[in-house]
Amino acid sequence: MAAWPFLQVTLSVMTGDWQIGVLFSRNGVTAAAEIAEANATLLAVEEINQNGGVLGRPIGPVFYDPQCSPQKFREMAVRLLTEDGIKSIFGCYMSTARKAVLPEIEAYRGLLFYPTFYEGFEYSKRCFYTGSSSNQNAAQLARYLIENFGKRFVLVGSNYVFPYEYNRVVTDLVTRGGGSILDEMYVPVQATRKDFARVIRQIGKLKPDVVVSNVVGTGAVLFYEAYRDAGFDPAAMPIASLSTTEAEVAQMRPEIAAGHLTAASFFETLDTPQARRFVSAFKQRFGAGAPVTASAEAAYFQVHLYAKALELAGVDEPDAIARHLPGLEFEAPQGRVRIDPDNHHTELWARIGRLNADGQFDVIWQSETRVKPDPYFVTSAHDEWISQHSSKRQA
């Protein structure tokens, strides 16, 4: 597990700084992914401060480790909002953490910047969502899977909010696309190897075309290992998983993950000048082996968006900052992004990656333009995809 070089930052915060709170876990089931997000947050802060800060004042981050506990996320958010007097908080990974923190953010009239891909179906005027929602990854991935592998799906997830909601979206997409869900199974968030025995047996029995996994953190590593040990071939029956990122793959042997798929707005291997600069700076700061995930990239650019809004507002009062964020754009590593004024989510780029033998994602598809967030699936985009897919089936 990577060290947290920024733990000392809290001690150096000066009263003249623009103070922000940062809530990512150093310990626990999703710590690997959260450390990547925290590192990216620090990288953005350091870049801004090296360029003179905001209006001549540095940003001073205060980091806490909630240890992947929703209760600790809530307690530490309250501490930041009350004892520390900090009103803008950057953090949370699992949806259970976000849902624990958000009522406190609203009660104390703060702001939450949330960089993790999530299930959608949520809006708060005090939250800005910079990770992908389901219409920016689930729809694209479902279409690719049906067109390239088949229509018979098995769904596996960790037992909490995101996997249930995401699997509901996938079920809708697959059934409308003429496919079927053969089974839907869940394991504990803190899964052990034995929790996957039934899952592996059922996959072997049903022989689906695709296994969609929303198993998170250390459980994802165990699932991929069990899948490999069972002799399943990813070329014929891949695991497609949003929750398996560079952070989880870094904990596996490369051959364990090879051939499996995911969808994300950013990959460490993205070959553009801004992506290469970001990855290079990240690894130079945190180590050559430090994984750079899509959520880390979102954690990075959301700090830069905050800094732009802070400069426009001239004060760090949350309502003033929030007035300047809708419509704001930034040249992020993934490409230019924009905060949607209608729903506080972010216009992002959609990509699909396949893991190669070196444990890196090869980008095999990407959107031609950034995708407008539609966290409630209220626009025609969903039906347009079904119509296009149905036309291809009939052709």
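Summary table below
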item	result
Antiparallel %, DSSP beta bridges [both residues in the chain], to 5	35
Mean Cβ count within 10 Å, highest first, over the residues of peptides 314-320, 45-51, 95-101	95-101, 45-51, 314-320
Region 260-316 shape via C-alpha gyration tensor axes, a/c threshold 1.5	prolate
Distance-filtered residues of region 311-327 - backbone nitrogen under 20 Å, label point 7 angstrom along Y123 Cα→Cβ	319-327
Exceeding the 23 Å Cα-Cα cut-off - candidates K283/K372; K99/K194; K283/K308; K72/K99; K99/K283	K283/K372; K99/K194; K283/K308; K99/K283
Global geometry of region 178-307, whether rounded, prolate or oblate, following the gyration tensor of its Cα atoms and the 1.5 cut on a/c	prolate
Net charge dipole size for the chain [Lys, Arg +1 and Asp, Glu -1 on Cβ; Debye, nearest 20]	700
The chain - percent relative contact order, Cα under 8 Å, separation 6 or more	18
Stretch gain in nm, segment A197-N356, where the contour uses 0.36 nm per residue and the Cα spacing is subtracted	54.6 nm
Cut-off under 5 Å, modelled amide H: who pairs with N214 long-range	V156, G157, S158
Accessible area in square angstrom per residue, the chain, 1.4 angstrom probe	38
Selected from P70, P333, P163 as most flexible by GNM, with the chain as the system and alpha-carbon contacts under 10 Å	P70
Residues D183 and E368, FRET efficiency given R0 of 30 Å [Cβ-Cβ distance, rounded to 0.05]	0.30
GNM flexibility winner over the chain from F73, F330, F196 (Cα, springs under 10 Å)	F330
Under the span-like rule (Cα at least 24 Å along the axis, Kyte-Doolittle mean at least -1.0), DSSP H helices of the chain	31-50, 294-313
The chain shape via C-alpha gyration tensor axes, a/c threshold 1.5	prolate
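The values are calculated or read from the model by the stated rules, or taken from the named source; none is laboratory data. Note that the structure is a prediction, hence the values are computed from the model and not measured. Ideal geometry is used to build each Cβ from the backbone, glycine not excepted, and the neighbour counts take in all protein chains shown. When the accessible area is computed, the model is the full protein with side chains, heavy atoms only, and any ligands, DNA or RNA have been set aside. Shrake-Rupley method; radii C 1.70, N 1.55, O 1.52, S 1.80 Å.
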